[in-house]
Structure formats: structure tokens, C-alpha cells
Amino acid sequence: MRECALNTLDLWLAAVHLDKMVMKVSRLALLPANPDILEGVDDLIQLSYLNEPSVLYNLKSRYTQDLIYSKAGPVLIALNPFKDVQIYRSEYVEAYKQRCNDNPHVYAVADAAYNEMIRGDGEMHQKKQEQMHQKEQGQQQQEYQFQQQHQSLEPEPVMIILGFIILAIK
């Protein structure tokens, strides 16, 4: 694909491209390229070298195939196709709902957000129930402790009678 010849005296690199154009570029301006097998990956995190030229080249590669959605981890990247690309039909919606398609798409993001919201809402309800239960248990425990303290402070009727008897004898 690309051939490079290095002139070590002035630290400039002459790059010979496929179109036979020769450019003189500083070695410091060059960035590493990804292997061809990673061309057009849908998740940019898979790239070996995540630099600006690599990202732009990958997005361009996908764009030429009408793949306007890419992702970088959990972040969806959308490119404007400036044409109708036929990726918003009802069968796409169903495929993403049933998780048959794991390619990056706005439907996948929407479905994931909805499911997370529903799951989070269920978790929130469950947490509230657990907190209420713990609060009730705590109140019951406090009431029990309060009763135990007051029972130990109150003299038993037998002790009261014995006290009166002792006082009467003296």
C-alpha cells in the first residue's frame, strides 16, 4: 500500500502513495496506522491506534458503505448521509428490540436507554420497599428496647409490697 524512504540527514520522510504522488513530511507529524483487518470496525475502541487520522479513516470507510452509525464504547457516532439510506424501517426496530442486530444504531441506543430506565425504575421501587422494611424493623427494635428499658426501671408490685412491709416493721 504505502512505501516509505527515510532521509536521516534532515529527518524528513518521503512517502510514495498509490497515485504516485510524492510528499515530503516531517517524521514527527506521522502517526501509526491500524492494520487492514481493522478497517471499518463498528466500535472505535477496537482500533489498535486511536488517533485522529485513524478514527476519520475508519468513519470514512464505514460511510462509503452507507454505515452511518459507529460507536466509541457506549457513545454513538452518527454521520449525516445526505441521502436516504433505508435503515429506519420497522424491521430494523424489531431486530433491535429482539436483539438480533448488535450493530450501532440509534434504535439500539434508544432500546438500551428504555430498558435501563425500566430496570432502574424497578430497582428504585425495590430499594424503596427495602428501605421501608428496614425502617419498620428499626422502629420495632426501638420500641422493643424502649419497653425493655422502662420495664426494668419500673418496680415490680411484689417489690413495692416488700418495701412497705420493711418500712412498717421499722
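The values are calculated or read from the model by the stated rules, or taken from the named source; none is laboratory data. Predicted model only: the values in this text are computed from it and were never measured. Heads up, the Cβs are rebuilt from the backbone with ideal geometry, glycines too, and the neighbour counts pull from every protein chain shown. When the accessible area is computed, the model is the full protein with side chains, heavy atoms only, and any ligands, DNA or RNA have been set aside. Shrake-Rupley method; radii C 1.70, N 1.55, O 1.52, S 1.80 Å.
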| remark: Residues meeting the amide H criterion for ALA72 (H placed from the backbone, H to H distance under 5 Å, 5 or more places apart or on another chain) are LEU44, ILE77
| Sites VAL106 and ASP36 - FRET efficiency at Förster radius 25 Å, r taken between beta-carbons, to 0.05 | 0.30
| said: Computing the accessible area with a 1.4 Å probe over protein heavy atoms, can you report the carbon and sulfur percentage for region 25-117? | reply: 59 percent
